[in-house]
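The values are calculated or read from the model by the stated rules, or taken from the named source; none is laboratory data. Note that the coordinates shown come from a computational prediction; the quantities given were computed from them, not determined experimentally. When we count neighbours, we look across all protein chains shown, and the Cβ atoms used for this are built from the backbone with ideal geometry, even at glycine.
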Amino acid sequence: MDRDSKIYVAGHRGLVGSAIVRELERQGLNNLILKTSKELDLRNQQAVRDFYFSNRPDYVFIAAAKVGGIWANNTYPAEFIYDNLMIEANLIHGAYESGVKKLLFLGSTCIYPKFAPQPLKEEYLLTGPLEPTNEWYAVAKIAGIKLCQAYRRQYGCNFISAMPTNLYGPGDNFDLENSHVLPALIRKFHLAKLAAAGDIEAIQNDEANSGKIPDDILVNLGLCRKHESLSRAATKNSKAPKVVLWGSGSSRREFLHVNDCAHACYHLMQHYNGEDVVNIGIGEDIPICELADMIREIVGFDGEVIWDRSKPDGTPRKLVDVSRLNEMGWRARTELREGISSVYEWYKDSTQSLC
């Protein structure tokens with residue numbers, strides 16, 4: 001890629017896509033093609049084909065996908081598999097038809113087998129059963145990787161695939177019904193802190209900007225909803241706000257700042273041309289219970305935390321082997337506590353600025 005290259009970033013408003021745009025601009029690459037979902041429905045094959053032939057991008061980053069946590073995957077399995085299959089198939093096939101020079105498809109490390117050895121090496125893909133709580137998304141992402149490999153083998157397309165670990169950063173999804181674990185923890189602890197301070201107005205502003213607060217969480221905060229407004233629950237034995245978290249907290253997860261992921265994507269587009277997938281990660285993981293403690297300290301909530309063991313933990317551990325990417329000269333730069341602190345400040349500023 002150079003300054004004159006036309007670069008299409010699919011999903012540029014999402015967590016990863018927006019970070020890729022920032023990284024490309026930081027590298028002096030400003031000839032970017034960006035389309036919102038309203039401007040271009042990536043599930044529509046003809047619309048995608050027309051877009052490719054009208055714009056003729058040289059390079060493509062596929063960061064567009066329907067994403068969510070355990071609850072969302074379990075609740076909307078048909079949408080997760082259909083939407084993601086259509087998005088990736090249309091974008092990859094359209095890139096082939098229009099002669100795109102190089103394409104990067106972003107999968108996810110959640111597509112590895114549930115009980116694969118740790119750390120997860122790229123060759124472990126498709127060696128065992130998937131984690132049931134996200135298999136619909138995982139199957140679609142595996143298909144995207146195989147599409148890239150198939151078009152490379154049959155047509156000689158320079159289509160590569162990368163698998164980022166769990167990502168976080170500015171622009172993340174904080175909706176408690178479909179967000180991933182780290183932003184969900186930030187928001188739960190933030191809301192509990194506001195409830196402990198009795199700042200109902202700030203909680204209502206947060207809800208207006210970050211998504212509806214589920215009723216069970218309102219109960220944990222000691223609040224109730226009356227005529228679309230919030231107030232303290234009128235009970236004789238009302239208790240201090242508490243945070244209830246799913247599972248036991250024993251599962252381990254790896255977290256990579258999205259800016260680091262974007263830099264890795266740029267690095268791969270510049271230096272990698274192979275068929276094999278490449279993990280993107282930091283090479284270290286943390287138990288969810290320790291992550292929760294870290295976020296609680298950063299947010300400043302000192303109330304009760306309860307682990308609901310009737311809820312699933314998900315995959316026991318998911319740490320990726322990043323030796324392949326490290327050997328290409330790339331390493332993550334953002335320390336976890338530093339990254340979470342910056343995201344929490346971004347979250348507070350973004351919700352306040354929208355009030």
Among (1) closer than 21 Å to L15 by Cβ; (2) modelled with pLDDT of 95 or more; (3) surrounded by fewer than 16 Cβ atoms within 10 Å (Cβ to Cβ) - the single one E290 does not satisfy:
(1)
Select, from S250, S210, S179, the only residue that is touching a Cys at 6+ places or on another chain (Cβ under 8 Å), among the polar types (S, T, N, Q) and within 27 Å of N134 (Cα to Cα).
S250
Does A65 fit the bill of being under 21 Å from Y82 (Cα atoms) and of a type outside the set (D, E, K, R)?
yes
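Show me the helices (runs of 4 or more DSSP H) found entirely inside segment 276-355 where at least 2 residues are among the aliphatic types (A, V, I, L, M). Walk me through it before giving the result.
Details: elements: 288-299, 323-327, 336-353.
So the answer is 288-299, 336-353.
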Conditions (1) on the phi > 0 side of the Ramachandran plot; (2) exposed (fewer than 15 other Cβ atoms within 10 Å of the Cβ): number failed by G283
(2)
Condition test on I145, is it in contact with a strand residue (DSSP E or B) (Cβ under 9 Å, 6 or more places away or on another chain), part of a helix (DSSP H, G or I), among the aliphatic types (A, V, I, L, M) and closer than 29 Å to R324 by Cα?
yes
Of the residues in segment 165-194 that are part of a loop (DSSP other than H, G, I, E, B) and either without any contact (Cβ under 8 Å) to a residue 60 or more places away in the chain or of a type in the set (V, I, T) (or both), the one that is surrounded by the fewest Cβ atoms within 10 Å (Cβ to Cβ) is D175
Taking the residues in segment 18-59 that are under 19 Å from G94 (Cα atoms) and among the small types (G, A, S) as candidates, determine which candidate is surrounded by the fewest Cβ atoms within 10 Å (Cβ to Cβ).
S54
Of residues in segment 141-167 being touching a Ser or Thr at 6+ places or on another chain (Cβ under 7 Å) and among the aliphatic types (A, V, I, L, M), the one farthest from A332 (Cα to Cα)
I145
Anything in segment 116-127 that is in a loop (DSSP other than H, G, I, E, B) and at pLDDT 95 or above? List them, or say none.
P119, K121, L125, L126, T127
So for segment 249-256 (the condition being modelled with pLDDT of 95 or more, of a type outside the set (D, E, K, R) and closer than 30 Å to M328 by Cβ), does at least one residue qualify?
yes
Checklist (1) assigned to a loop (DSSP other than H, G, I, E, B); (2) within 17 Å of A292 (Cβ to Cβ); (3) at pLDDT 95 or above; (4) of a type in the set (A, V, I, L, M, F, W, C) applied to C157, failing item:
(2)
